[in-house]
Amino acid sequence: MNAPDDGITIEVCVDSVESAAAAVQGGADRLELCSNLGLGGGTTPSLGLLRSVQRAVPRTPIMVMVRPRTGDFLYSEGEFNVMLEDIRIFKESGTAGVVFGVLDQSGAIDVDRTQKLANEAFPMQGIPPCGHGRAAPSSLHVLRTLFATASGAHAHSHVPALLPGAGINAPTARPLLDALLPCGLREIHLSAGAWEPGAMRYRPEGMGMGLGGDGEWGVWRASEERVRAVRAIADAAVREHTARVAVESSTPEGLAHRDE
């Protein structure tokens with residue numbers, strides 16, 4: 001059982017300059033940038049949004065979502081070509097990497113298309129998400145298995161870092177960290193967002209501008225306070241885990257294991 005060398009990396013998903021700035025001020029180490037985050041989980045952001053966020057938080061690495069539409073991840077040939085073109089553009093724009101997902105009709109990862117997108121993204125990071133549950137905190141048994149599998153594979157080849165996400169917030173972060181830090185957890189992903197009331201006073205009866213409910217006239221924003229709360233929880237969890245590892249390593253059993 002090892003302790004993280006540099007703490008937990010927190011990646012926050014954002015879809016505006018305001019949310020990007022709030023996330024970084026709250027303690028985010030990295031951003032995932034998309035558009036329409038409150039609508040179906042986000043889509044590919046515009047180049048204008050990317051460049052504006054880069055100017056707003058110039059020292060923060062940015063991963064860019066490549067998803068041409070909401071809905072499923074079974075894309076037409078035309079949609080797939082759009083994804084390839086977007087990756088080429090983002091690669092020329094100084095992003096840290098791209099995030100994409102492509103499935104076949106059965107719901108399995110489309111390995112051929114995923115490889116083509118990863119090759120186009122190189123030498124940037126190209127990260128295909130892999131869903132194993134509706135939320136990370138409720139899928140701890142699956143995540144433990146994935147970390148164990150990745151740990152064994154690391155001895156033989158390069159394996160991308162695992163990045164748990166979905167459903168991570170202040171109430172759920174500590175149980176997830178306590179469960180997965182001993183497995184090698186190094187980073188987590190969250191949105192820390194919610195609908196906020198818009199400033200528009202002109203709201204004619206029967207006319208809407210959004211999704212209904214809070215999203216009808218609202219604006220999706222990441223909360224600096226929500227990010228800061230998870231940052232504090234993660235830092236405390238790492239400190240306690242590191243101290244526990246140090247104590248265990250100083251025991252006769254720990255010293256013997258270290259010498260093996």
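The values are calculated or read from the model by the stated rules, or taken from the named source; none is laboratory data. Keep in mind it's a predicted model, so treat the numbers as computed, not measured. Protein only, heavy atoms only, side chains kept; ligands, DNA and RNA dropped before computing areas. Shrake-Rupley method; radii C 1.70, N 1.55, O 1.52, S 1.80 Å.
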Quiz prompt | Cα-only radius of gyration and Dmax that characterise the range 157-240, units Å | solution = 18.1, 60
Exercise. Work out how far the C-alpha atoms of the range 1-123 reach from end to end along every principal axis, then list the three figures in whole Å, largest first.
Key: 43, 40, 28
Quiz item: Taking one equal scatterer on every alpha-carbon of the range 1-65, how large is log10 of I(q)/I(0) by Debye at q = 0.13, 0.15, 0.24 1/Å?
Solution: -0.35, -0.45, -0.95
Practice problem: With N set to the residue count of the range 30-97, report its C-alpha Rg divided by 2.2 N^0.38 Å to two decimal places. | Solution: 1.10
Quiz prompt | Within the accessible area of the range 43-104 (1.4 Å probe), percent carbon and sulfur | solution = 53
Self-check item: Solvent-accessible area of R51 with every protein chain in place, 1.4 Å probe, in Å² to the nearest 10
Solution: 120
Self-check item: Residue-level accessible surface for D178, protein heavy atoms, 1.4 Å, Å²
Solution: 70
Quiz item: Hey, if we sort W195, W217 by accessible area with the 1.4 Å probe, largest down, what's the order?
Solution: W195, W217
Practice problem: Could you tell me the accessible area of Y75 in Å² (1.4 Å probe, neighbours in place), rounded to the nearest ten? | Solution: 10
Quiz item: Could you give the accessible area per residue of the range 47-87, probe 1.4 Å, as a whole number in Å²?
Solution: 49
